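Working notes, beginning with the structure itself.
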Amino acid sequence: MHLYHLTLQKPTGVIALAYGSFSGPKVHEIALACGSSLEVVRPDENGKLRLVGRSDCFGQLRSLAAFRLTGAKRDYLIIGSDSGNVTVVQFNGELGRFDQVHCENFGKSGVRRIVPGQYTVADPRGRACLLGALEKQKFVYVLNRDSKENLTISSPLEAHKTGVVCYDVAALDVGFENPIFAALERPYEAPKKKLLVYYELDLGLNHAMRKQAVQVEDSATKVCSVPGGGDGPSGALVCSLGKICYHGISKEHPVVEAMLPHRQGDAKNNTMIVSHALHKQRGMFFFLLCTERGDLLKVELKWSEETVSEVRIKYLDTLPYAASAMCVLRTGFLFAASEFGNHNFYQFQGVGDDNDPAGGLSISTVANGDTGKRLQFVPRGSPENLLVMDTLKSLAPMLAWQTDDFCGESETQIAVACGRGTASSLNLLRRGFAVQEMAVSELPASPIAVFTIKENRTDEYDQYIVVGFQNATLVLRIGETVEEVTESGFLGDVATILAVLLGDDAIVQVHANGIRLVRRNAAVMEWKPPAGTQITAATSNPIQIAVALSSGDLVYFELDSESGNLDEVEKLDGVFSMGGGSEQSTDGARPCLAFSRPAVGRSRGMFLAISDGVSNTARLLGIQSDGSLQNAAVQALPGPVSSLAMLLVGSDQPVLLVGLQNGILLRLKLDVMSGQITDKRTRFLSPRPVRLHHVSVGGVETCFALSTSVWVLHPQSWGRTTLSPLCSFAVDMATSFCSEQVPEGFVTVHKSALRILSLDDPEMIGQAALDDAAPGAVFNTTQMLLPCTPRRLLNMKAPESPSSGLVVSIESDQRTSKLTVGPGGHTGSMPLGKWASTIRLSSMYRNDIENSSEDVQDEDESPSAVTLDKIELEEDECALAGCVVTFNDRPGELFLCVSVARHLLIDSTSPPDRRIKPEKPATGELRLYVLNHEPRKLNLVHVTSIEKPCVALETFHGRILAGIGDSLRLYELGKKRLLKKTEYKGAVPTLLNSIASIGDRIFIGDVQESVTLLQYKVSENRLMVVADDTVPRWMTSLCILDYQTVAGADKFGNVFVLRIPVELSESLDSDPTGGRLLEAGASAPNKFFVEACFHVGSIVNTLTKVSLGGNSDVILYSTIGGAIGALAPVAFRSDVELLQQLEMSLRESKAPLCGRDHLNYRSYYYPVRNVVDGDLVEQFATLVPNKQKELAEVLDRSVPEVFRKIEDIRESIL
């Protein structure tokens, strides 16, 4: 077995961010560290965040710091990672990715306590930086430039301190004095003595030293740098529980303390600051502090020279989620990245300077020992001083999912439960770009064509929608409304084949009986075909038109730029067969034509593609400088042509698109000069004929391929194209649409319905070209908010039956009840052992959502789903797991079995010696519900008590398998309770947390001891062990691949495939006595062997074997960081060898950005085995053409062949 790994969706959880001007001077950009991906986003003129570029680092990003050398106009970025290197990068705005400027090793790779990388800060004047570890080590680097203006970095200067734990680091603003770095440290020998330590870099002596240390609050967790050097008093703000303290640079400055405002009703002084942002302008500055519940506090200092006399704190607003990182842009925006939830981009409507009591409460403290009052505030339900301008959707953390056709769209969707607390949500993921319906109108009949036209080439918006029917034409004027007009110059009693704007202001209507050219304030010109013939097909570009006649002839026209007349340039006789060109064609085939667009610097298109629609060929005609047509190429095809189109990629690369009647789409890359085909790609879309339509989306010229679904073919860099699905209604034809209300839309027609649609984010098409290594939009998301953390997600359907669109989410949060939910999340004021837990039945079926009534919906639900039923548990009850089962005794009914824990207390935050112990041991229950169909509700059948909580349930041949502690039990339906049929005690060493079954074999996962295989002997009603793993693995998920093979994931980010030998499997099936099986209590007689192993870089929560629409099933996984990836089988040995050789070549020629060795990264815990990293392979597209050619020669292939193989594998997945 060989697998190909591909990340389908990059991580969405933000670990760290940095604000600066990375691509050029005076631009405002934000660098985001998302897992192993480094992204740059920039706000546009409308306040929307646009992706500027992305780089995959193949390592764990831990911290970021931006700095600018004195006199420079752009910022550099320092990256702290698990590579053991100090890495400085600069953003390349033209290519949309980061380039490595400096990479120097200082320690071992990996995330280690004493290896720096956890903290990265840079001097505000760009003179030095510090990289710190959790313990002991800190390295200081001097930043400078050489005579050629290139960045130089000194050797590392040690600022180590043994026997201390570091909590936070900040670079103080001291003007142009020696740089000073502040660190919060706790010595081992004094565990209750926390210190604020200043480290000074002496630039003259080139030495870093420990300058001073002062004791701070034991609960201090964060240190913030105060502006200095004339902009402020310098020093540091230390944030503790319920308090902040200002510390000056010198010891003589008194400590100025201020109590933090807290929410009304909170009795304890336990407000914690989790992130901060500084806004600085000439003559003023203030801090924004974010609490763990999302409350924003504004902090100002009253100072004179270098003395602070007062600290003022005011409640500003409450964010929907607590921000793990923030930054304030100089243009008046705030970006708040959340660890568990979406990332919001705000514009300041105010900064809380008014004295309106509704705006929050303020507090001030003087430096005479009086700490003032700790005032209370009532959090706002929605921000008043902040206006949401844009939202970056995040699925982090992804906790559970199910895959099925939930919406009845004949395609696989993914239902994902993610988030934490009130930031939780139930998401529906569909493949492709998302669209929204702007308008819909019924037409009098089903049209044969639709076009949009401007009156003048310089107009910003379209003026007309032209709809052609079988024997009539309807013209609609576009304004504030769309209205029918009759004085447009179009003939209304003919069927319009083509309507187009030629030149600057010439509108052309092509119909069966001629060509009509209409120009304002000029006479109408008409061209008539020869007597006895009609026009059957036409195509055009801005200055050229070609028409096919029923006689089989081709007529080519050009617009005279001086006279404005349409001149007939050439006529080719008998180009089309009579079967395709004749109006009486019995099979409905028509000739197909397509012009290439004029390249940059050229006045006309260079090629014209034609096909008769009957024969299995397409011809390419070259257009010479005198306008004559000559044969350039002939392409044999696997079927008759249904449609042709030509797309210009880049400035001059033509691509011929051929849609066939058998549902195949061909992409033919043409040589610019000769027209010869240099590359050929084939994709089967559906059994229906493929129709091609040019549509401009997001300022990018694309082509829609219409079949049973809609596909968007859009350009990529280096002359490539990418095919992405579009989540749309059924479409028969499409064209571009631009109006004041819908600037980036398109018109579609299906049967007699005309719709105006728009992408949810039209810029995504243009941004897709920036991400060469992962092109196109793979998934789009709709969302339903949940009040509690979803722990499990179940597909409410019988096995092997079609989906009903019903899902069950099991939600629970500790220290929470319905009374403690407020703005910014749960208050967490309930004691340990008190839970808010819900069993929710939801429907994702479109009809249920459209027909839902208000009494079955929560206020926070969106159109992605509707709640049908909710079962809320008691405060001392917590739902842990569930399964959907159809019992053998009641085959027509669908049951839900839910594991409920009672008196469960989890204390994971207190030290081991101070953890709270439960008053009574936790017990469990198995609650059985039956699905009632009218109305759809869950009715309780009975409750079965168990001695321990059950964390794993699975259906098994009309029964229920339950993992209770370290035992595995088999239950059957009884009248008053579930009946225990058999039990395997001690099935796992620690805790059984996952179960999967196939046939009579059961795979079980232990929380820290990998996978065990058991077999159920029906005749003896016994469970017996077959095999287990050779290494311990902390299991998180299981997925059965076949009868002998299972895929698993552990909490360290490893995905692996285990298999028992074929001989063992056959002997187990042929041995009815179970001679090779052992009963409970004995060790496994056999061992799994590792078929594949791969490190994905983040905790994997779910694994599923599913087909996403490609040629084969794949192993789909999700991570806690919001990433989605796939492991696809590679069928042929030749492909494996090619991909492995390409991967090895790229490891040398395309080294990871942070210097992390790629092979070591993918072998983080266990050696990588039988898996090719497609993320690295797709980096081939980011190489310059010369390097691509060099690597292709090493592989004994051409560059197009390498690209074809990479894209074929991606398309086999998607």
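The values are calculated or read from the model by the stated rules, or taken from the named source; none is laboratory data. Computed from a predicted structure; not experimentally measured. Quick reminder, even Gly has a Cβ in these numbers, built from the backbone with ideal geometry, and neighbours come from all protein chains shown. Just the protein is used for accessible areas: all its heavy atoms, side chains included, with ligands, DNA and RNA removed. Shrake-Rupley method; radii C 1.70, N 1.55, O 1.52, S 1.80 Å.
On the basis of being within 25 Å of ALA1047 (Cβ to Cβ) and crowded, with 20+ Cβ neighbours inside 10 Å, does GLY999 make the cut? So GLY999 does not fit the description; no. Of the listed requirements (1) surrounded by 14 or more Cβ atoms within 10 Å (Cβ to Cβ); (2) free of Cβ contacts under 8 Å to residues at least 24 places away in the same chain; (3) in a strand (DSSP E or B), ASP567 misses just one: (1). Identify the residue in the range 253-281 that is assigned to a loop (DSSP other than H, G, I, E, B) and within 33 Å of the chain's Cα centre (by Cα) and, among all such residues, is surrounded by the fewest Cβ atoms within 10 Å (Cβ to Cβ). For the range 253-281, the residue satisfying everything is MET272. Among the residues of the range 1097-1109, those identified as of a type outside the set (S, T, N, Q) and open to solvent by 20 Å² or more (accessible area, probe 1.4 Å) are ILE1099, LYS1105, GLY1109. Residue check: is LEU498 open to solvent by less than 50 Å² (accessible area, probe 1.4 Å), in contact with an Asp or Glu (Cβ under 7 Å, 6 or more places away or on another chain) and either part of a strand (DSSP E or B) or not acidic (Asp, Glu) (or both)? In short, no.
Yes/no matrix, rows are residues, columns are (1) in contact with a strand residue (DSSP E or B) (Cβ under 6 Å, 6 or more places away or on another chain); (2) closer than 16 Å to SER864 by Cα; (3) surrounded by fewer than 18 Cβ atoms within 10 Å (Cβ to Cβ); (4) not hydrophobic (A, V, I, L, M, F, W, C):
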{"site": "ARG380", "(1), (2), (3), (4)": "yes, no, no, yes"}
{"site": "LYS393", "(1), (2), (3), (4)": "yes, yes, yes, yes"}
{"site": "LEU399", "(1), (2), (3), (4)": "yes, no, no, no"}
{"site": "THR403", "(1), (2), (3), (4)": "yes, yes, no, yes"}
{"site": "GLN413", "(1), (2), (3), (4)": "yes, yes, no, yes"}
{"site": "VAL416", "(1), (2), (3), (4)": "yes, yes, no, no"}
{"site": "LEU426", "(1), (2), (3), (4)": "yes, yes, no, no"}
{"site": "ARG431", "(1), (2), (3), (4)": "yes, yes, no, yes"}
{"site": "MET438", "(1), (2), (3), (4)": "yes, no, yes, no"}
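Tell me, yes or no, whether the range 877-895 has at least one residue that is within 20 Å of SER803 (Cα to Cα), open to solvent by 40 Å² or more (accessible area, probe 1.4 Å) and in contact with a strand residue (DSSP E or B) (Cβ under 7 Å, 6 or more places away or on another chain). Yes, the range 877-895 contains a residue that is within 20 Å of SER803 (Cα to Cα), open to solvent by 40 Å² or more (accessible area, probe 1.4 Å) and in contact with a strand residue (DSSP E or B) (Cβ under 7 Å, 6 or more places away or on another chain).
The numbered conditions (1) over 22 Å from LYS10 (Cβ atoms); (2) modelled with pLDDT under 95; (3) open to solvent by 20 Å² or more (accessible area, probe 1.4 Å); (4) not hydrophobic (A, V, I, L, M, F, W, C) are all true for GLY110 except (3).
For the structure I just gave you, tell me whether ARG516 is open to solvent by 30 Å² or more (accessible area, probe 1.4 Å) and either touching a Phe, Trp or Tyr at 6+ places or on another chain (Cβ under 7 Å) or under 29 Å from GLY698 (Cα atoms) (or both). No: the conditions fail for ARG516.
Output the strands (runs of 3 or more DSSP E) that fall wholly within the range 1081-1171 and possess 2 or more residues being over 30 Å from SER1198 (Cβ atoms), or say none.
1089-1095, 1100-1106, 1114-1119
Among all residues of the range 682-689, there is none that is in contact with a helix residue (DSSP H, G or I) (Cβ under 7 Å, 6 or more places away or on another chain) and part of a loop (DSSP other than H, G, I, E, B).
Screening the candidates ALA987, ALA952 for the property of being touching a residue at least 24 places away in the same chain (Cβ under 8 Å), part of a strand (DSSP E or B) and aliphatic (A, V, I, L, M) yields one hit, ALA952. Filtered by the rule that a residue be part of a strand (DSSP E or B) and open to solvent by 40 Å² or more (accessible area, probe 1.4 Å), the range 612-627 gives THR617, ARG619. Looking only at residues that are in contact with an Asp or Glu (Cβ under 8 Å, 6 or more places away or on another chain) and modelled with pLDDT of 85 or more in the range 912-924, which one is least open to solvent (accessible area, probe 1.4 Å)? Filtering first and then ranking leaves GLY924. Taken across the range 209-227, residues that are at negative phi, outside any strand (DSSP E or B), surrounded by fewer than 14 Cβ atoms within 10 Å (Cβ to Cβ) and out of contact with any Lys or Arg (no Cβ under 8 Å at 6 or more places or on another chain) do not occur at all. I'd like to know if the range 174-189 contains one or more residues that are basic (Lys, Arg), open to solvent by 20 Å² or more (accessible area, probe 1.4 Å) and assigned to a loop (DSSP other than H, G, I, E, B). For the range 174-189, residues basic (Lys, Arg), open to solvent by 20 Å² or more (accessible area, probe 1.4 Å) and assigned to a loop (DSSP other than H, G, I, E, B): absent. Evaluate the following for LEU1146: is it open to solvent by less than 40 Å² (accessible area, probe 1.4 Å), hydrophobic (A, V, I, L, M, F, W, C) and more than 17 Å from GLN9 (Cβ to Cβ)? In short, yes. In the range 608-643, the residue that is farthest from LEU554 (Cα to Cα) out of those that are small (Gly, Ala, Ser) and free of Cβ contacts under 8 Å to residues at least 24 places away in the same chain is ALA636.
Filtering the range 974-994 to residues that are open to solvent by 20 Å² or more (accessible area, probe 1.4 Å) and either hydrophobic (A, V, I, L, M, F, W, C) or under 14 Å from VAL1046 (Cα atoms) (or both) leaves LEU979, LEU991.
When the range 685-707 is examined, which residues are found to be under 27 Å from the mean Cα position of the chain (by Cα) and open to solvent by 10 Å² or more (accessible area, probe 1.4 Å)? The answer is LEU685, SER696, GLY698, GLY699, VAL700, GLU701.
None of LEU517, LEU491, LEU501 is under 42 Å from the mean Cα position of the chain (by Cα) and among the hydrophobic types (A, V, I, L, M, F, W, C) except LEU501.
Take the range 524-541 and flag every residue that is open to solvent by less than 40 Å² (accessible area, probe 1.4 Å) and assigned to a loop (DSSP other than H, G, I, E, B).
PRO529, THR533, ASN541
From the set of residues in the range 653-681 that are among the small types (Gly, Ala, Ser) and outside any strand (DSSP E or B), which is nearest to ARG590 (Cα to Cα)? The selected residue is GLY663. Within the range 114-125, no residue that is within 12 Å of LEU77 (Cα to Cα) and open to solvent by less than 20 Å² (accessible area, probe 1.4 Å) sits with its Cβ atom under 9 Å from a residue that is hydrophobic (A, V, I, L, M, F, W, C) and assigned to a loop (DSSP other than H, G, I, E, B) at 6+ positions apart or across chains. Within the range 282-331, if we keep just the residues that are of a type in the set (Phe, Trp, Tyr) and more than 27 Å from the chain's Cα centre (by Cα), the residue that is most open to solvent (accessible area, probe 1.4 Å) turns out to be TRP303. The strands (runs of 3 or more DSSP E) located wholly in the range 373-452 that include 3 or more residues which are closer than 30 Å to GLN463 by Cβ occupy 433-442. Could you check how many residues of the range 810-834 are on the phi < 0 side of the Ramachandran plot and at pLDDT below 90? Within the range 810-834, residues that are on the phi < 0 side of the Ramachandran plot and at pLDDT below 90 number 16.
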